[in-house]
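Data first, discussion second: the structure below is written as structure tokens.
Coordinate-derived values only; no laboratory data. Note that this is a predicted model, so its numbers are computed, not measured. Here the Cβ positions follow ideal geometry from the backbone for every residue, glycine too, while neighbour counts run over all protein chains shown.
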Amino acid sequence: MPNKLKPLYPYLKRYRGHFFQGAAAVLLYNGARVLIPQIIGRAVDQVAHHGSMSIVTRQVLLLLLVASVAAVCLYATARAQRKRV
């Protein structure tokens, strides 16, 4: 299989920075998306256990931070695909 891919090596070498940037952005995006349901579940559990709205506020702020990171990573993924050298 690697012998069949040899013609692609010059192209891949030329754009390897874009590939690594895109791969890192995809991994961070997926990691952030996995955290969102966990944050919501933790917030529900803490409200049920403690009944405090300050906990909800803290969890909402954390949720907004994680969603913002996911949005930036999604943008970086699209930007890495559009880059031209």
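Descriptive notes on the structure:
- Label-point gap, in nm, between Gln46 and Arg16 - each point 7 angstrom along Cα→Cβ: 4.3
- Between the beta carbons of Ala78 and Gln38, assuming R0 = 30 Å, the FRET efficiency works out to 0.70 to the nearest 0.05.
- Ranked packing of 2-11, 42-51, most packed first, by mean Cβ within 10 Å: 42-51, 2-11
- 0 to 90° range, to nearest 10: angle between helix 16-50 axis and the chain longest Cα axis: 10
- Positive dipole terminus of the chain, leading residue within Ala76, Leu5, Gln46 (C-beta point charges): Leu5
- Cα pair distances of the chain binned at 10 Å [whole percent]: 17, 30, 22, 16, 10, 5, 0
- The dipole here belongs to segment 2-82: it is taken about the Cα centre, uses +1 on the Cβ of Lys and Arg and -1 on the Cβ of Asp and Glu, and is about 680 debye.
- Within the chain, helix-based [θ] at 222 nm, where runs of 4 or more DSSP H residues each add -39,500 (n - 2.57), nearest 500: -30000 deg cm²/dmol
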